[in-house]
1. Can you give me the relative contact order of the chain as a percent, contacts being Cα pairs under 8 Å and 6 or more apart?
2. Please compute the modelled spin-label separation between ARG72 and ARG297, points set 7 Å along Cα→Cβ, answer in nm with one decimal.
3. Can you work out the FRET efficiency for the pair SER8 and PHE119, with r the C-beta to C-beta distance and R0 = 30 Å, to the nearest 0.05?
4. Take the solvent-accessible surface of the protein heavy atoms, probe 1.4 Å, and return the percent of it on the chain that carbon and sulfur atoms account for.
5. Measure nothing but the geometry: give the 0 to 90° angle between the long axis through the Cα atoms of 79-88 and the longest principal axis through the Cα atoms of the chain, rounded to 10°.
6. Enter the accessible area of ILE30 (Å², nearest 10), with the probe set to 1.4 Å and all protein chains included.
7. For LYS238, what is the net charge nearby, where nearby means another residue's Cβ is under 11 Å from its Cβ and Lys, Arg count +1, Asp, Glu -1?
8. In the chain, what percentage of the DSSP-assigned beta bridges are antiparallel, given to the nearest 5?
Amino acid sequence: MTLLDIRSLSVTASTQGATLPIIQDVSLSIARGEAVGLVGESGSGKSMTARSIMRLHGRNVTADGTIEFEGRDVLSMGVRELRSYRRSDVSMIFQDPRAAINPVRTIGAFLTEGLRGSFGLSKQEATRRAIAAMAAVGITRAEERMAQYPHEFSGGMLQRVMICSSLLANSRLLLADEPTTALDVTTQAEVVGLLDDLRRERGLGLLFITHDLDLAAGLCDRVFVMYAGRIVEARAAKNFESAAQHPYSRALFEARPSVDFRAARLPAIPGVPLSASESADACAFAPRCPYATDECRTSLPPLEEADAGDVRCIRVHEIPRAHLRGTAS
Ligand SMILES: Nc1ncnc2c1ncn2[C@@H]1O[C@H](COP(=O)(O)OP(=O)(O)OP(=O)(O)O)[C@@H](O)[C@H]1O
Ligand SMILES: [Mg+2]
């Protein structure tokens, strides 16, 4: 069953009299129990996509297109429906949980306030549920932990608290915006494992935002690669590395940190990314792409099916596979 259906989403921001595109023509769906990865470099529009799903973009920002959650049109929701949607249908967790939690209130107060306020539960019942949910996300000594303050929690534990709060709200969709970027590798693996377990056990939909293509391919069912506000490749996560076709997806794999070369300098993708507004009528990756032709620099490639996925590259069938896999360079 489709939980979230985004069709042709375009987001523009007006700043100092000018209107700049941020996201262009993004279509993406998430089914119940499905994990979808959204991957791209800094500034590609990943967070703006998540904020649009929550309708939490700034005042200067306009969204066009359709965002449906369980068949309801999010962009046209009234104030009350929107409030209930944000409170109990969809939750968002961020890179820095400390920024999203009041430092002077206890973890118990943070976890139970929504249950008491929105769901009208008694203090006792709210506490009971919060303790059970803390145990479900792997927080031990939950009763004791409830009385503690955020500074007494590690980053990983605090991220568990944020995930716990979305479970308590009964959210069906979890938007995780770089939830593990600030954590060490071991804690990162634990939090990713927890998200994966919850998705399987509770049938949550998960949008996992990261710049780590490997991590997304390992955790998710499908991966969407974003560049300059557009989807440039979308396909099943399984075998993503060998199936990836867009030169940008390939470049991301080549630029990743390798365990074998930890001490060596990371290869970076040469050049800087264009913004969505600088690349309206061209392939935004063309200035950095070794395969770009004049046509790539002067016309916008459509997103088209290629090898059981969708790819936005007019040269996709011409580039030798060996080159795409990076074996020939
Ligand atoms: N309210 C706004 N007004 C104008 N421009 C904005 C606004 N919000 C975001 N942007 C711009 O939109 C682009 C996409 O931003 P976004 O935060 O979605 O990127 P991102 O992919 O999440 O990057 P990162 O990996 O750094 O988090 C950026 O160029 C950003 O500066
Ligand atoms: Mg972001």
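The values are calculated or read from the model by the stated rules, or taken from the named source; none is laboratory data. Computed from a predicted structure; not experimentally measured. Here the Cβ positions follow ideal geometry from the backbone for every residue, glycine too, while neighbour counts run over all protein chains shown. Accessible surface is based on the protein model in full, side chains and every heavy atom, while ligands, DNA and RNA are left aside. Shrake-Rupley method; radii C 1.70, N 1.55, O 1.52, S 1.80 Å.
1. Details: 591 pairs, mean separation 67.0, N = 329.
Computed over the chain, the figure is 20 percent.
2. Here the modelled spin labels are 5.0 nm apart.
3. Details: r = 35 Å, r/R0 = 1.18.
For SER8 and PHE119, the calculated efficiency is 0.25.
4. Working: 7770 of 15710 Å².
Roughly 49 percent, rounded to a whole number.
5. The angle comes out at about 80 degrees.
6. 0
7. On the way: positive: ARG222, ARG235; negative: ASP221, GLU241.
With Lys, Arg at +1 and Asp, Glu at -1, the neighbours total 0.
8. On the way: 31 of 49 bridges.
DSSP beta bridges in the chain are roughly 65 percent antiparallel.
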